[in-house]
Structure formats: structure tokens, C-alpha cells
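Beneath this line is the structure, given in C-alpha cells, with notes to follow.
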């Protein structure tokens, strides 16, 4: 396919129109497989696009599988256009935006490109439901790995490493993620609290300062209570990290953004894939911070583990006999 792309570029260099050039690619994707209907649609509409929008079409047609894993900013950078140009390109195809474009591309490139949509149907049996949900979850984590801005996440870890206490905001399903974060971050040896109640979030935000690190969880970024608390804490000087999709009110009102990919409709079903990605984000951050603590944290975690062993004995934990100094299993 690389040879095909070079020849495609040569055609353009010789002055051929985009429509003439893409004929060369009209039946092949990056693996030499028959081009899907969605890519054919892009090819057939290319001549109606503005010059900048055509550059987006060229990239999509030349490397559709790579584009499938790109965020809108990555595709814009690859095509050397602005993000609004990419949005206009998707709208010229009759789509609502980049999210719908990505879904169409993923659905048409075959089983090697699993969609993050669950698509559970009324007639599915348990095994089918399980397979779809597992595939959806795996695809969501892979999409986050591909699209995450790891340099931005590194800066977030740097900011959180300097705070004295952690607080976590979230409501509904995101509130459960906030509780999981509290359970893990307190092991770093700093105060950690999770707030699911909107009033507690606002009160916490009002007394936050530069010594406070706050993770605000909301997949949509539009949970009013969390948005207001995060904005207040940011104005108070706290290191507020919005764990959300962007653009969104929560992203705009926070000091830092840890962007989640947009991949599911949260209107009907309780979100599953988004919650798993949020939980993975918690693990990434707390593990990164833990590695900076060195031997001090290792000793602390050992003490925590020893203390837990005293309250959760195994199924055959022994009791010492008073008579013969032997050990007998507990009943």
C-alpha cells in the first residue's frame, strides 16, 4: 500500500485532479482489501470539497486504518488543516460530526477494527451479550491508549505530585469512579476524600487552594454540579484535573484536561466502556505518582497489606491449640 500511496502522490504532483488521483485508490484500503462503501462515498464526494477539506479526504483515503485511531486534532495535524476544517469535512459527508465519522469508519473496516459500540439487541443470548460487551470494553481501552495525550498526562502527574491532599468529584456512575480513586490515592500517604454529594463538592471547592489536587470525573463533561465545583476550585487556585471528553463545560472550567475519547451514547444505557476508561485513568495516575515515592511508599504499602491480613484470614487460617501446640483449621 505504501507504493500505492507514493504513486497517488506522484499523480497529484503531475497536476491530476483529486478526483482523477483517487481513482487509483478507489478499490483498495491500506491492506489492499476492497474499499468499503463509506470510503467510496468519501472518494465520490471529494470533488465537491474545498481545497483544505480535500486534504483531509486524501489522508483518509490513503491511510483509513490509521485515521480510525486518530483524534480530530491528530487528523487535522496530519492533513495540515485546522480542526474546524475536519469538522466541515465530516459535515459535507452528511454526518453530525467527527464522532459519527469515526464510528462509520470503524464499522466498515472489518473485524480487525472492533467498534466500541455494544450494539446489544433484544434477541441476544447471554453469551452474545458477553462477547459484545467484552469487545466493546477492549476497544474502548485501546482507543484511549491510541488517542491519549501522554505529554499532557505527564504534566498532570507533575502537578499532582506537588499537592498535599487529594479530592475527587463525581455524580452517578462517575461518583463510583471518584470513590475508587479515593480508595487508591490515600495509600500515597496524603489525605484523600471523594465527594458524590453536590453540596459537599461546592463546600470542598470553596476551601481548596494550591495545595489541593482535584480530579473531577464526568464522561459527558456536562454534569452541572461537578462543572460548577470544578470551576470554583480552579478559581481558588487548586490543581483541578477534568477527566472528561472535550470540548465540554467541565474541560473549559478546569486547570488541566485529561481527555477521554467520545465513543458511546449515554442516553439509554448505563455507560460501561467510559467507566472502565475512567478507572484505567485512576490507575495510571496513582501508579505514576507511586513510582515517584520510592522506598517510603513500599514500606507504607507493606504495613497496609499486613494490617489487612489480620482482618481477612484465608479459608483455612489456623488456630493454635492450647493442648498440644498444634494448629487446627478454623471452622
**Request:** Mind telling me which of the residues 210, 194, 231 ends up being outside the structural domain of residue 74 (by TED's automatic domain parsing), surrounded by 16 or more Cβ atoms within 10 Å (Cβ to Cβ), over 19 Å from the mean Cα position of the chain (by Cα) and not in a helix (DSSP H, G or I)?
**Result:** 194
**Request:** Find the residue count for region 154-167, including only residues that are in a helix (DSSP H, G or I) and either out of contact with any strand residue (DSSP E or B) (no Cβ under 6 Å at 6 or more places or on another chain) or more than 24 Å from residue 232 (Cα to Cα) (or both).
**Result:** 5
**Asked** When you scan region 69-97, how many residues do you find that are crowded, with 20+ Cβ neighbours inside 10 Å and either touching a residue at least 40 places away in the same chain (Cβ under 8 Å) or not assigned by TED's automatic domain parsing to the domain that holds residue 53 (or both)?
**Response** 3
**Request:** Go through region 245-331 and tell me which helices (runs of 4 or more DSSP H), entirely inside it, have 2 or more residues that are modelled with pLDDT of 90 or more.
**Result:** 249-253, 273-291
**Message:** Can you find, within region 168-191, the residue that is surrounded by the fewest Cβ atoms within 10 Å (Cβ to Cβ) among those that are touching a residue at least 60 places away in the same chain (Cβ under 8 Å) and touching a strand residue (DSSP E or B) at 6+ places or on another chain (Cβ under 6 Å)?
**Reply:** 174
**Asked** Which of the helices (runs of 4 or more DSSP H) contained wholly in region 35-78 include at least 2 residues that are under 27 Å from the mean Cα position of the chain (by Cα) and at pLDDT 85 or above?
**Response** 51-62
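The values are calculated or read from the model by the stated rules, or taken from the named source; none is laboratory data. Computed from a predicted model, the values in this text were never measured in an experiment. We place every Cβ from the backbone using ideal geometry, glycine too, and count neighbours over all the protein chains shown.
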